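A quick write-up on the structure given underneath.
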Amino acid sequence: MAGPALQRTPRTPPRRLDAWAQLGGAVVCATGVLSLVADGREVSTLAWTWAGAGLSALAGVALMALCRDGVPRDAGQPVFAGASQAIAGSLGWPVWAVRAVVVALAPLAGVGVVLYAAGSLASALRDSGQRSVEIDWRGSTGVGLLGLAWVLAVRAAGLRAGSDGELYSVLLIGSGLPLFWGASGAGLTNGPDDVHATLRSWLGLLLAIAGAGLVLATTGLFHQAERTIAGTAVALAVLAFVVGPRWLRTTRLLIAERAARERAQERADLADHLHDSVLQTLALIQRRADDPSEVASLSRSQERELRSWLGDGAETMRPRSSLGGALRAAAAAVEDAERVPIEVVLVGDAPLTEPLAALIAATGEALTNAVRHGAPPVSLFCRATDREVTVYVHDRGAGFDLDDIPADRRGVRESIIARTSRHGGTAAIRVRPGAGCEVVLTMARR
Amino acid sequence: MTSAPPAPRAPRVLVVDDHAIFRSGVRAELEGLVQVVGEAGTVADALELARTTRPDVVLLDVHMPDGGGLAVLRGIASELPNVRFLALSVSDSPEDVIELVRAGARGYVTKTVTPSELVDAIVRVATGEAVFSPRLAGFVLDAFSGPAGAASAGDAELDQLTPREQEVLEHIARGYLYKEIAQQLGVSTRTVESHVSAVLRKLSLSNRHQLARWATQHRLVD
């Protein structure tokens, strides 16, 4: 397999920190039991609180140890749902400072947790769905339980703000939503963390719903029929917060996936085309390597095709229905048939008319003559102005004298000269010793 | 690398092209005919090699990453004014070629040019001559054809080609050599060369409105 293998350290004995946390949990738990015993007749709320704190601390540490499996945590790995990192990133603070603020403010009517949830919401809204957060649901639950232990311990120590119902509903919703929002990839990617993401997502959803239920229960909205509308509004608000950011994220992910698919499709099309034409031509060229004119002709026609396919350059600049496009096509046809390259230079252009079509036909005949009887290089130059179109076909051959051409050879006389003059044009053949032979065709534009 | 020693006055050539296959092909063709002092595949390499080797002629690919031939030309020309440039391209796109010639390239040939034609073009560029391929002549005629735009603020003389200059360019486009053109027009070869140089100067100096927007218009004209 490609890529470096994941370095998995062998199972190490529980780390010292975990041992201390377990010890601490046991101490808290023991304190709770002791206070229970000491209280004797009735179970005090304080004792239950301490016992709950101890139990959740123990459960949290155990879950985290299970999740880590002896592997030390990466510095960049999120602890709960990754929101502290997002907040730290946008504020420019160190991550530990954000975490300290969140933890310190958590017991104060859940302010820290609300901050955390806000950070998570912001990052969920900003996220384009490309980033994959690798969080184990067990780790998140463990951290959550530790947090709960912390809140319980602080309350047991006598620091309280707001009612219990408010605090717990804020905590439940505030910790549930980031878990749910953060699990973006669930069901869309087929990564190994799919199970974890799904579990985390359900866990978060349950927490948020429980919190919402608690809000309704503690504010008494359940029991007052006339406030049903208010209750429904609360439920809808929670639902919007639960589903909204997640839906947004999923949509973005889908859009990104579609764009990637389209790019892949384009690449595949290009690869298909290159295979069909270019590779085939290259193969032909290799097989016909002993025939230079065949090789030249193959590569030249492939070049023309590729240029027109790429929609680039002079080949496609003029449509076939124009003088320039038709001249190019005529030159290409002669090139392909006679396997002699023709240098085509066009200045100006004109819409195709009947006289110009005759001019083009005559040009094709002149080009065929030039490549057959003349000598390369063969040039075709056409200049189109508002008044007239002039075509020059020039080759390096010795030229010919009209009088020397047998009367039965109709090429020059009929196909070039007569055809041009029938449409009101002129044709001239100039031979200059050493400078080759040139056919000049002129056609007035109406 | 074994090769016959080039002629004593053979121009020193730097080959700049981002395709290694093409560079080595050109080098093989030119060995012994001119002195290839180096080849560069990137803009940065080209600038560095031009400073150290001080070539007579830079054979310049029009299409290169990081700003292309234009970046190489501007970078070297500002430091080494005596270096001459011959643009070499597989592209037919007139706007790119015109842009390079406007920036100071002394000629333009397509990559399908034969080895002897290429050597001839290099030697001519090295002596300060302008090398117009038929295609470039066509591009330039096209760029200067039609009436000058009303918004043209430049020197009227720079905005137009003289009839003689047009005649010379047309003959180039028709596939004639300078000396043949001279014969046909009844002037000296030197006069033909000076006409071509004048066209080059007009091309780089003209702020003719039409020329600036020429490429776009060109695509729109049927």
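The values are calculated or read from the model by the stated rules, or taken from the named source; none is laboratory data. Quick caveat, the model's predicted, so the values are computed rather than measured. Quick reminder, even Gly has a Cβ in these numbers, built from the backbone with ideal geometry, and neighbours come from all protein chains shown.
Listed values, structure above:
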read-out: Yes/no for A:Ala260 being of a type in the set (A, V, I, L, M, F, W, C), at pLDDT 80 or above, exposed (fewer than 15 other Cβ atoms within 10 Å of the Cβ) and not in a helix (DSSP H, G or I); value: no
read-out: Of all residues making up segment B:134-147, the number that are small (Gly, Ala, Ser) and at pLDDT below 85; value: 3
read-out: Index of the failed condition, B:Ser3 passing every other in (1) at pLDDT below 85; (2) among the hydroxyl-bearing types (Ser, Thr, Tyr); (3) assigned to a helix (DSSP H, G or I); value: (3)
read-out: Within segment A:411-446, considering residues that are within 13 Å of chain B (Cβ to nearest Cβ) and part of a loop (DSSP other than H, G, I, E, B), the one surrounded by the fewest Cβ atoms within 10 Å (Cβ to Cβ); value: A:Pro433
read-out: Which numbered condition B:Arg190 fails, given (1) surrounded by fewer than 16 Cβ atoms within 10 Å (Cβ to Cβ); (2) part of a helix (DSSP H, G or I); (3) over 21 Å from the mean Cα position of the chain (by Cα); (4) modelled with pLDDT of 90 or more; value: (3)
read-out: Condition met for A:Ala384 (away from chain B (no Cβ under 11 Å), modelled with pLDDT of 85 or more and crowded, with 19+ Cβ neighbours inside 10 Å); value: no
read-out: Subset of segment A:328-356 (residues that are more than 14 Å from chain B (Cβ to nearest Cβ) and touching a strand residue (DSSP E or B) at 6+ places or on another chain (Cβ under 8 Å)); value: A:Val334, A:Pro355
read-out: Segments classed as helices (runs of 4 or more DSSP H), wholly inside segment B:19-113, with at least 2 members that are on the phi < 0 side of the Ramachandran plot and touching a Phe, Trp or Tyr at 6+ places or on another chain (Cβ under 6 Å); value: B:94-102
read-out: Residue within segment A:159-182 that is modelled with pLDDT of 70 or more, in contact with a Phe, Trp or Tyr (Cβ under 8 Å, 6 or more places away or on another chain) and within 17 Å of A:Gly52 (Cβ to Cβ) present; value: yes
read-out: Flag for B:Gly138 being surrounded by fewer than 23 Cβ atoms within 10 Å (Cβ to Cβ), touching a residue at least 24 places away in the same chain (Cβ under 8 Å) and either in contact with a helix residue (DSSP H, G or I) (Cβ under 6 Å, 6 or more places away or on another chain) or not small (Gly, Ala, Ser) (or both); value: no
read-out: Positions within segment B:148-177 being part of a helix (DSSP H, G or I) and either modelled with pLDDT under 85 or surrounded by fewer than 22 Cβ atoms within 10 Å (Cβ to Cβ) (or both), in sequence order; value: B:Ala156, B:Glu157, B:Leu158, B:Asp159, B:Pro163, B:Arg164, B:Glu165, B:Gln166, B:Glu167, B:Glu170
read-out: Selection count where residues are surrounded by fewer than 23 Cβ atoms within 10 Å (Cβ to Cβ) and touching a residue at least 40 places away in the same chain (Cβ under 8 Å), scope segment B:107-129; value: 8
read-out: Cross-chain or 6+ apart pairs with Cβ under 6 Å, segment A:434-446 first and in contact (Cβ under 8 Å) with a residue 24 or more places away in the chain, then among the basic types (Lys, Arg) and surrounded by 15 or more Cβ atoms within 10 Å (Cβ to Cβ); value: A:Gly436/A:Arg396
read-out: Count of segment A:91-110 residues which are surrounded by 13 or more Cβ atoms within 10 Å (Cβ to Cβ) and within 36 Å of the chain's Cα centre (by Cα); value: 6
read-out: Residue within segment B:199-219 that is part of a helix (DSSP H, G or I), at pLDDT below 80, away from chain A (no Cβ under 14 Å) and crowded, with 19+ Cβ neighbours inside 10 Å present; value: yes
read-out: Close pairs from segment B:26-42: first in contact (Cβ under 8 Å) with a residue 12 or more places away in the chain, partner among the basic types (Lys, Arg), Cβ under 8 Å, at least 6 apart; value: B:Val34/B:Arg12; B:Gln35/B:Arg12; B:Val36/B:Arg27; B:Val37/B:Arg12; B:Glu39/B:Arg23; B:Glu39/B:Arg27; B:Gly41/B:Arg23
read-out: Qualifying position, being under 18 Å from the mean Cα position of the chain (by Cα) and surrounded by 17 or more Cβ atoms within 10 Å (Cβ to Cβ), among B:Leu80, B:Leu86, B:Leu49; value: B:Leu86
read-out: Leading residue by the ranking (nearest to the other protein chains (Cβ to nearest Cβ)) among those in segment B:115-147 that are hydroxyl-bearing (Ser, Thr, Tyr) and in a loop (DSSP other than H, G, I, E, B); value: B:Ser145
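To keep it simple, each residue is scored yes or no on (1) away from chain A (no Cβ under 14 Å); (2) more than 22 Å from B:Ser24 (Cα to Cα).
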site: B:Ala44; (1), (2): yes, no
site: B:Ala50; (1), (2): yes, no
site: B:His63; (1), (2): no, no
site: B:Ser78; (1), (2): yes, yes
site: B:Arg84; (1), (2): yes, no
site: B:Ala87; (1), (2): yes, no
site: B:Gly107; (1), (2): yes, no
